[in-house]
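Beneath this line is the structure, given in structure tokens, with notes to follow.
The values are calculated or read from the model by the stated rules, or taken from the named source; none is laboratory data. All values derive from a computational prediction rather than experimental measurement. Here the Cβ is made from the backbone with ideal geometry for all residues, glycine too, and neighbour counts use every protein chain on show.
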Amino acid sequence: MIVDLRSDTLTRPTAGMRAAMAAAEVGDDVFGEDPTVNRLQSRVAELLGKGSALFVPTGTMANLLAFLSQSRPGDTIVLSEDAHPYNYEAGNLAAVGGLMTRTIKGSLGQITRAEVEPYIVQTPDHHYSQTRIISVENTTNRGGGNIYSIETIRALRELADANRLKLHCDGARLFNAVVESNYTAADFAKHCDSICFCFSKGLGCPVGSILAGSRDLIDEAHRFRKMLGGGMRQAGILAAAANYALDHHTERLREDHRRAREFRKALEGLPGLSFPFQTPTNIVIFEVPDLMQFIGKVGGEGVLLIPMGPKRLRAVFHIDIDDAMLAHATKACRAALAG
Ligand SMILES: Cc1ncc(COP(=O)(O)O)c(C=O)c1O
């Protein structure tokens, strides 16, 4: 049995999703004429309470478009040192946007008003790069799938307003946060100028992310998407998968969270193994004394995990992992630690 827990991007489209894709009504989206893309974009704009939304190939592009559309080269983006755009987006902020980053240590991959405030630069002195955007991640990937509280986001909004800054949310796993909290997607989005989420992670689609914001912001993002080669033609095939996921795959994220908790519970207390963070959603981060040996042993049993540091591992639960696979993974991890 192969139990691939490396990422929730490994999901394969279900039969229902494939049928929806096959049946999709399509047109040329670069002409704005794909009815399925248009329906998805309107639906998401409404869901998030924003003026407009733009379907894009990846979360990386959604973040980049948000940054490009709200800054000028030479500006600074403030974000957690664990943030995805800082760690894993190939330096695109610098290479494509000409942007500087000011990273904040934070905790659980999150940043607070008190942590960010001292690093804001707003001055007429032309020596300095001006702070332009604060970026948060919800849920946090390197922070173990942790969820921002609305209070923390609201306080960052107030800080942004007081300094004429923009607030962006990388909500790659926004619906994991939604189903596990008392907040709606719009509650989180309300405080942000721009917000994106991915269809290609827990929602189980093969491709796709979406960026939402004001009409003007999305108009600007649309120009940058074209510039970066992200204009897609009969993209309704992909948007149909996204629409299907919004209909069928959000509530089921709770099952991934339940399995992540059960996995953790089964490993808790084992000698040598520790958990640096809580596990509120689908990502379990844990530490073992000899990472390569552990990965090798569980890999021999078909259980695939990804390293997140010299001792740190990540297991991510998703739609392709069922209870039998959970039991197999748990057993393999326990046996690997036993010697
Ligand atoms: C928090 C977060 N943001 C952005 C992305 C980028 O998404 P993509 O791989 O679609 O570019 C990821 C991907 O894992 C992510 O975890």
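Tell me the residue from Val44, Val56 that is modelled with pLDDT of 95 or more, under 21 Å from Thr184 (Cβ atoms) and among the β-branched types (Val, Ile, Thr), please.
Being modelled with pLDDT of 95 or more, under 21 Å from Thr184 (Cβ atoms) and among the β-branched types (Val, Ile, Thr) holds for just one of Val44, Val56, which is Val44.
For residues that are surrounded by fewer than 23 Cβ atoms within 10 Å (Cβ to Cβ) and more than 12 Å from the ligand (Cβ to nearest atom), scanning just segment 72-86, find the one that is nearest to Ser214 (Cα to Cα).
Among them, the one singled out is Arg72.
Going through segment 243-275 one residue at a time, which ones are of a type outside the set (A, V, I, L, M), part of a helix (DSSP H, G or I) and under 18 Å from Asn146 (Cα atoms)?
Arg254, Glu255, Asp256, His257, Arg258, Arg259, Arg261, Glu262, Phe263, Arg264, Lys265
Answer with yes or no whether Met17 is part of a helix (DSSP H, G or I), within 16 Å of the ligand (Cβ to nearest atom) and modelled with pLDDT of 95 or more.
Here the answer is no, as Met17 does not meet what is asked.
Got a number for residues in segment 50-61 being in a helix (DSSP H, G or I) and crowded, with 24+ Cβ neighbours inside 10 Å?
Residues that pass the stated criteria total 1.
Could you look through segment 137-168, keep only residues that are of a type in the set (S, T, N, Q) and within 16 Å of the ligand (Cβ to nearest atom), and pick out the one that is surrounded by the fewest Cβ atoms within 10 Å (Cβ to Cβ)?
Residue satisfying both the conditions and the ranking: Asn146.
Exactly one of (1) in contact with a helix residue (DSSP H, G or I) (Cβ under 8 Å, 6 or more places away or on another chain); (2) of a type in the set (Gly, Ala, Ser); (3) more than 15 Å from the ligand (Cβ to nearest atom) is unmet by Gly208. Its number?
Of (1) in contact with a helix residue (DSSP H, G or I) (Cβ under 8 Å, 6 or more places away or on another chain); (2) of a type in the set (Gly, Ala, Ser); (3) more than 15 Å from the ligand (Cβ to nearest atom), only one is false for Gly208: (3).
In this structure, is Ala172 within 16 Å of the chain's Cα centre (by Cα), assigned to a helix (DSSP H, G or I) and within 15 Å of the ligand (Cβ to nearest atom)?
No, not satisfied.
Which members of segment 175-199 meet the condition of being within 11 Å of the ligand (Cβ to nearest atom) and part of a loop (DSSP other than H, G, I, E, B)?
Once the filter is applied, which keeps residues that are within 11 Å of the ligand (Cβ to nearest atom) and part of a loop (DSSP other than H, G, I, E, B), segment 175-199 yields only Phe199.
Within segment 187-196, identify whether any single residue is among the hydroxyl-bearing types (Ser, Thr, Tyr) and out of contact with any helix residue (DSSP H, G or I) (no Cβ under 9 Å at 6 or more places or on another chain), and answer yes or no.
No, there is no match, as no residue in segment 187-196 is among the hydroxyl-bearing types (Ser, Thr, Tyr) and out of contact with any helix residue (DSSP H, G or I) (no Cβ under 9 Å at 6 or more places or on another chain).
Go through Thr123, Thr131, Thr101, Thr112 for me and flag whichever is more than 18 Å from the chain's Cα centre (by Cα), within 16 Å of the ligand (Cβ to nearest atom) and of a type in the set (S, T, N, Q).
That would be Thr101, the only listed residue that is more than 18 Å from the chain's Cα centre (by Cα), within 16 Å of the ligand (Cβ to nearest atom) and of a type in the set (S, T, N, Q).
Given the criterion part of a helix (DSSP H, G or I), away from the ligand (no atom under 16 Å from the Cβ) and touching a residue at least 60 places away in the same chain (Cβ under 8 Å), identify the matching residue among Leu64, Leu47.
Of the residues listed, the single one that is part of a helix (DSSP H, G or I), away from the ligand (no atom under 16 Å from the Cβ) and touching a residue at least 60 places away in the same chain (Cβ under 8 Å) is Leu47.
Any chance you could count how many residues in segment 289-318 are in a strand (DSSP E or B), in contact (Cβ under 8 Å) with a residue 40 or more places away in the chain and more than 19 Å from Ile2 (Cβ to Cβ)?
Total satisfying the criteria: 0.
So if I check each of Gly202, Gly230, which one is touching a Leu at 6+ places or on another chain (Cβ under 6 Å), closer than 21 Å to Cys169 by Cα and not in a helix (DSSP H, G or I)?
Gly202
Please report, ordered by residue number, the strands (runs of 3 or more DSSP E) entirely within segment 69-140 with at least 2 residues that are under 19 Å from Phe277 (Cα atoms).
In segment 69-140, the matching strands (runs of 3 or more DSSP E) lie at 131-137.
Scanning for something assigned by TED's automatic domain parsing to the domain that holds Val96, within 16 Å of the ligand (Cβ to nearest atom), surrounded by fewer than 21 Cβ atoms within 10 Å (Cβ to Cβ) and under 20 Å from Val316 (Cβ atoms), does segment 279-299 turn up at least one residue?
So far as segment 279-299 goes, no, none of its residues is assigned by TED's automatic domain parsing to the domain that holds Val96, within 16 Å of the ligand (Cβ to nearest atom), surrounded by fewer than 21 Cβ atoms within 10 Å (Cβ to Cβ) and under 20 Å from Val316 (Cβ atoms).
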